[in-house]
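Below is one structure, written out as structure tokens; comments come after it.
The values are calculated or read from the model by the stated rules, or taken from the named source; none is laboratory data. The shown structure was predicted, so the numbers you read here are calculated from the model rather than taken from an experiment. Here the Cβ positions follow ideal geometry from the backbone for every residue, glycine too, while neighbour counts run over all protein chains shown.
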Amino acid sequence: MRNEDLHHVGDGRGKRKVFVNGNEIKRFVWADVRRGILCFHPYPLRIHKRKRDEVYTRLLRGVITIQYI
């Protein structure tokens with residue numbers, strides 16, 4: 001069963017634009033529309049300070065809208 005509120009990069013639903021509070025977010029990793037949480041990679045990409053094998057990510061909270069291309 002597929003959760004329609006959860007979007008991530010490789011879920012097979014095609015290309016889409018993701019907006020948080022009306023601002024487009026590029027390089028998102030996953031987004032939960034129902035809970036209003038989005039995880040993304042800020043530009044420029046950098047390595048996490050304590051976890052050297054991971055890329056640094058940030059969480060945003062707000063009203064998330066998905067627009068399919």
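Reported count of residues in the stretch 2-31, each being within 8 Å of the chain's Cα centre (by Cα) and either part of a strand (DSSP E or B) or over 22 Å from V55 (Cα atoms) (or both), is 8. Out of all the residues in the stretch 19-31, is one or more of a type in the set (K, R) and either more than 17 Å from I69 (Cα to Cα) or in contact (Cβ under 8 Å) with a residue 24 or more places away in the chain (or both)? Checked against the condition, which is being of a type in the set (K, R) and either more than 17 Å from I69 (Cα to Cα) or in contact (Cβ under 8 Å) with a residue 24 or more places away in the chain (or both), the stretch 19-31 yields no hits at all.
Among the conditions (1) at pLDDT 90 or above; (2) more than 20 Å from E4 (Cβ to Cβ); (3) assigned to a loop (DSSP other than H, G, I, E, B), D53 misses just one, which is (1). Any residue in the stretch 56-68 that is out of contact with any Phe, Trp or Tyr (no Cβ under 6 Å at 6 or more places or on another chain), surrounded by 10 or more Cβ atoms within 10 Å (Cβ to Cβ) and small (G, A, S)? Yes, the conditions are met somewhere in the stretch 56-68. Within the stretch 1-10, being modelled with pLDDT of 85 or more and more than 22 Å from G62 (Cα to Cα) holds for one residue alone: G10.
Per the conditions (1) among the hydroxyl-bearing types (S, T, Y); (2) part of a strand (DSSP E or B); (3) over 13 Å from the mean Cα position of the chain (by Cα), the sole criterion not satisfied by Y43 is (2).
For the residues D53, D5, the requirement of being free of Cβ contacts under 8 Å to residues at least 40 places away in the same chain, charged (D, E, K, R) and surrounded by 10 or more Cβ atoms within 10 Å (Cβ to Cβ) singles out D5.
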